[in-house]
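Here's the structure, in structure tokens; my notes come after.
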Amino acid sequence: MTDVLIIGSGPAGMTAGIYIKRANLDVQIIEKEYEGTGQMAESSRIDNYPGFYGISGYDLGEKIREHAENLEIEFLEEEAVAFEETKKGFLVILESGKTLEAKTVIYTAGAEHRKLNVPGSDTFENKGISYCASCDGAFYKGKDVVVIGGGNSALDDALLLSETCNKVYLVHRRDKFRGNPGTLEKLEAKENVEIIRNANVQEIKGTKKVETVLLDTGVSLEVQGVFVAVGTIPQTERLKDLIELDENGYIKAGEDGVTSKPGFFVAGDVRTKKLRQIITAAADGANAADSAIHYIIR
Ligand SMILES: Cc1cc2nc3c(=O)[nH]c(=O)nc-3n(C[C@H](O)[C@H](O)[C@H](O)COP(=O)(O)OP(=O)(O)OC[C@H]3O[C@@H](n4cnc5c(N)ncnc54)[C@H](O)[C@@H]3O)c2cc1C
């Protein structure tokens with residue numbers, strides 16, 4: 001019986017582990033990827049994590065993992081596939097068939113960006129295709145970019161990018177946007193923003209980096225950046241019978257990581273929140289750990 005089992009070794013999970021270990025409790029981190037450090041490993045450059053200007057996501061992840069390993073936190077390379085409540089806590093069932101029991105769980109399995117799945121979308125990942133305007137927008141200062149999507153993320157991204165980019169195309173597959181009408185109005189008033197409705201991306205082309213985005217309307221956009229904001233998929237499929245999720249599948253919880261199930265905490269991108277970033281994931285990890293510590297020693 002472990003005190004705390006953490007699912008996922010992204011910034012939320014590793015930070016939670018650091019706080020739990022330093023409170024002298026038993027902790028194990030279950031991570032399905034080999035030496036995984038979460039989504040940040042996909043980012044070639046991180047400019048908004050204090051103290052590490054310009055670091056690659058891979059290196060930042062390694063540094064956090066090294067920090068956790070120095071504290072002798074145990075990592076287990078396994079996928080957690082099911083969760084059951086027991087009298088004393090929770091049973092975590094792993095893909096190998098092994099089961100682990102813990103007094104508490106901190107779930108930090110993150111979210112995955114929905115991809116475009118068109119020709120070129122894999123080839124140009126990190127070579128002009130981004131899923132995060134607040135992370136990568138600054139690299140496109142003075143350049144032409146396209147934002148794909150019709151919800152709040154797409155509208156917010158387009159507005160943010162319009163402050164620094166030369167030209168921003170906003171492409172939506174429908175006529176009506178789902179996002180905030182006020183933001184849409186602001187975008188419509190911007191001279192460097194062009195809104196293209198009822199169009200889908202058909203192909204992304206380039207030599208080494210993105211150069212052209214072809215739409216199914218026959219229009220071709222000459223851009224250097226493609227910001228994909230067509231939604232994220234929180235990794236909560238296995239939890240829907242255990243805890244309360246919102247309509248998009250995120251685990252309902254505030255900053256303290258307390259979910260609808262006592263003893264089952266959440267941190268990072270997988271919880272309901274506004275800003276999904278490394279620093280907010282790390283902060284969540286610290287808060288959820290604090291909640292778990294108080295739950296155990298209460
Ligand atoms: C390309 C890209 C660039 C980004 N750039 C920046 C940036 O510049 N600055 C910034 O602040 N943020 C950036 N982000 C966002 C940032 O990476 C995320 O907000 C952050 O990683 C979320 O951390 P997390 O710990 O909540 O989840 P994640 O990082 O998603 O980690 C979750 C971990 O859980 C593991 N996992 C999932 N399910 C299971 C399971 N069932 N069993 C075991 N393990 C499991 C996953 O393998 C993963 O390692 C970027 C994201 C991407 C994709």
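The values are calculated or read from the model by the stated rules, or taken from the named source; none is laboratory data. Keep in mind that this is a model prediction, so the values were computed, not measured. Neighbour counts are summed over all protein chains in view; Cβ atoms, including those assigned to glycine, are modelled from backbone coordinates with ideal geometry. The accessibility values were calculated without ligands, DNA or RNA, using every heavy atom of the protein model including side chains. Shrake-Rupley method; radii C 1.70, N 1.55, O 1.52, S 1.80 Å.
Within the chain, what's the longest run with no chymotrypsin sites (Phe, Trp or Tyr not before Pro) in a DSSP loop and at most 16 other beta-carbon atoms within 10 Å? Give the range, please.
54-298
Heavy atoms only, probe 1.4 Å: what % of the accessible area of segment 115-228 goes to carbon and sulfur, would you let me know?
44 percent
Nearest 500 deg cm²/dmol is fine: what mean residue ellipticity at 222 nm does the chain get from its DSSP H runs of n ≥ 4 alone, each adding -39,500 (n - 2.57), divided by its residue count?
-7000 deg cm²/dmol
If you average the C-alpha positions of segment 69-112 and of segment 220-293 separately, how far apart do those two centres end up, in angstrom?
Measuring centre to centre over Cα atoms gives 17 Å.
For the chain, compute Rh as the Kirkwood radius over C-alpha pairs and then the Stokes-Einstein diffusion coefficient at 25 °C and 0.890 mPa s; write the answer in µm²/s, rounded to an integer.
121 µm²/s
Just checking the chain: which Cys have no other cysteine's beta-carbon under 4.7 Å?
Result for the chain is Cys165, no neighbouring Cys Cβ within the cutoff.
Under the definition of Cα pairs under 8 Å and six or more residues apart, what whole-number percent is the relative contact order of the chain?
Value for the chain: 21 percent.
Quick one: putting +1 on the C-beta of Lys and Arg, -1 on the C-beta of Asp and Glu, what dipole do you get for segment 115-228 around its Cα centre, in Debye to the nearest 20?
Value, rounded to 20: 120 debye.
Run through all the Cα pairs of segment 115-228 and give the fraction in each 10 Å bin from 0, expressed as whole percent.
The percentages, shortest bin first, are 16, 52, 30, 2.
Over the chain, give the accessible area per residue in Å² for a 1.4 Å probe, as an integer.
50 Å²
If contacts are Cα pairs under 8 angstrom and at least 6 residues apart, what is the relative contact order of segment 115-228 in percent?
Rounded, it is 33 percent for segment 115-228.
In the Gaussian network model of the chain, springs joining C-alpha atoms below 10 Å, which of Gly231, Gly120, Gly285 carries the largest mean-square fluctuation?
Of Gly231, Gly120, Gly285, the most mobile in the Gaussian network model is Gly120.
Using Cα atoms only, what is the angle between the long axis of helix 57-70 and the major principal axis of the chain, expressed in degrees (0 to 90) to the nearest 10?
Approximately 10 degrees, to the nearest 10.
Residue by residue through segment 142-157, what is 3J(HN,Hα) from phi via Karplus (6.51 cos²θ - 1.76 cosθ + 1.60, θ = phi - 60°)? Round to whole Hz and write x for glycine and proline.
Karplus-based 3J(HN,Hα) across segment 142-157 equals x, 9, 9, 9, 10, 10, 10, x, x, x, 4, 4, 5, 5, 4, 4 Hz.
With the dipole of the chain worked out from charges on the C-beta (+1 for Lys and Arg, -1 for Asp and Glu) around the Cα centre, which of Phe264, Phe227, Gly149 lies farthest toward the positive end?
Of Phe264, Phe227, Gly149, it is Gly149.
Keeping to pairs on different chains or 8 or more places apart, tell me how many lysine pairs in segment 124-236 have Cα atoms under 24 Å apart.
26
Can you give the angle from 0 to 90° between the axis of helix 11-22 and the longest principal axis of the chain, with both taken from C-alpha atoms, to the nearest 10?
Approximately 20 degrees, to the nearest ten.
Among Lys186, Lys87, Lys208, which one shows the highest mean-square fluctuation when the chain is modelled as a Gaussian network with alpha-carbon springs under 10 Å?
Lys87
When the chain is modelled as a GNM with alpha-carbon springs shorter than 10 Å, which of Ala281, Ala111, Ala199 fluctuates the most?
In this elastic network of the chain, the residue with the biggest mean-square fluctuation among Ala281, Ala111, Ala199 is Ala199.
Please list the non-local residues whose amide H lies under 5 Å from the amide H of Leu76, H modeled 1.01 Å from N, same-chain partners needing a gap of 5 or more.
Ile29, Ile30, Glu31
Could you tell me how many degrees, from 0 to 90 and to the nearest 10, lie between the Cα long axis of helix 278-297 and the main elongation axis, the longest principal axis, of the Cα atoms of the chain?
Value to nearest ten degrees: 20.
Are any of the pairs Lys103/Lys273; Lys21/Lys115; Lys98/Lys240; Lys21/Lys252; Lys32/Lys274 more than 30 Å apart by Cα-Cα distance, and if so, which?
The answer is Lys21/Lys115.
Only four residue types carry charge here, +1 at the Cβ of Lys and Arg and -1 at the Cβ of Asp and Glu. Report the dipole size of the chain about the Cα centre in Debye, rounded to the nearest 20.
Charge dipole of the chain: 640 debye, to the nearest 20.
Can you classify segment 1-134 as rounded, prolate or oblate using the Cα gyration tensor, where a ≥ b ≥ c are the square roots of its eigenvalues, rounded means a/c under 1.5, and otherwise it's prolate if a/b beats b/c and oblate if not?
Note, shape of segment 1-134 comes out oblate.
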